[in-house]
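Okay, structure first, notes after.
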Amino acid sequence: MQKINIDEAVQNLSALIEAAISGEEILIVKDEQSIVKLTPISAVKRLPLLGSAKDLIIRYEDHNKPSEDFKDFML
């Protein structure tokens with residue numbers, strides 16, 4: 001975690017933002033007291049796109065037909 005004075009932070013804000021984006025935590029201090037913490041925002045979790053698995057799943061016409069292996073167990 002990097003500590004930086006508020007005056008230096010004003011001059012180097014772009015570089016500090018880039019550092020935060022890359023995962024570094026930065027504390028901005030004033031009068032030797034921490035006042036701001038720059039941290040990256042975690043990625044927003046997107047909802048799945050409906051229909052995105054189209055043509056990836058194969059459904060056979062006889063998918064409901066009982067398997068021959070289970071005939072002994074069926075009533």
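Per-structure values
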| item | result |
| --- | --- |
| Condition met for SER34 (exposed (fewer than 10 other Cβ atoms within 10 Å of the Cβ), at pLDDT 80 or above and of a type in the set (Gly, Ala, Ser)) | no |
| Within region 4-28, tally of residues that are of a type outside the set (Asp, Glu), within 29 Å of the chain's Cα centre (by Cα) and outside any helix (DSSP H, G or I) | 7 |
| Where a residue in region 40-69 is closer than 30 Å to GLN2 by Cα and its partner, wherever it lies, is not in a loop (DSSP other than H, G, I, E, B), with Cβ under 6 Å and at least six apart | PRO40/ALA20; PRO40/ILE21 |
| Some residue of region 50-59 being among the hydrophobic types (A, V, I, L, M, F, W, C) and part of a helix (DSSP H, G or I) | no |
| Of residues in region 11-31 being touching a residue at least 12 places away in the same chain (Cβ under 8 Å) and loosely packed, with under 14 Cβ neighbours inside 10 Å, the one nearest to MET1 (Cα to Cα) | GLU25 |
| Region 1-18, residues that are aliphatic (A, V, I, L, M) and at pLDDT below 90 | MET1 |
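The values are calculated or read from the model by the stated rules, or taken from the named source; none is laboratory data. The structure displayed is predicted, hence computed values, not measured ones. Virtual Cβ from ideal backbone geometry, glycine too; neighbours counted across all protein chains shown.
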